[in-house]
1. Would you point out the residue of the range 26-66, among those that are in a helix (DSSP H, G or I), among the small types (Gly, Ala, Ser) and out of contact with any helix residue (DSSP H, G or I) (no Cβ under 6 Å at 6 or more places or on another chain), that is farthest from residue 15 (Cα to Cα)?
2. Give all pairs with beta carbons closer than 7 Å in which a residue from the range 49-66 that is at negative phi and among the β-branched types (Val, Ile, Thr) meets a residue that is in a helix (DSSP H, G or I) and buried (at least 16 other Cβ atoms within 10 Å of the Cβ); count only pairs at least 6 apart in sequence or on separate chains.
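Just so it is clear, none of the values below were taken in a lab; they were calculated from the coordinates. Quick caveat: nothing in here was measured; it's all calculated off a predicted structure. Glycine also receives a Cβ, built like all others from the backbone with ideal geometry; neighbour counts cover every protein chain displayed.
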Amino acid sequence: MSDFFESWPVDIVGPVWRAVVLVPLGFLYLRLRYREQDKWRLVLAKEYQNSYGNAGKALVESAIRGILVVLLAAWVLGGLWVLLGVLWHSYIK
């Protein structure tokens, strides 16, 4: 009985998230990227197992990866900026 109470939010939120967010995103993504009906149906069948939810999930995952790459690059550049600033000011004095 305790397993039910531990997992029920995931069981409810997962399908709702998929139906409300991922499926419409996948549909819009495929329709806007591939204008011809035959092309987007072929891509949907080949790459996303006939599921707009899978297409939306792939889109969200790639967006998150892109954001993380930008944040990592900003963190590295910020660290270099601080390191160069410290080195610059230590040699000037």
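1. Here is the first cut: in the range 26-66, the ones in a helix (DSSP H, G or I) are 26-33, 37-47, 52-66.
Then drop every residue that is not among the small types (Gly, Ala, Ser), which leaves 26, 45, 53, 55-56, 58, 62-63, 66.
In the following step, the residues that additionally are out of contact with any helix residue (DSSP H, G or I) (no Cβ under 6 Å at 6 or more places or on another chain) were identified as 45, 58, 62-63, 66.
On the way: 45: 21, 58: 16, 62: 20, 63: 21, 66: 25 Å.
Only one residue tops the list, namely 66.
2. 60/22; 60/25
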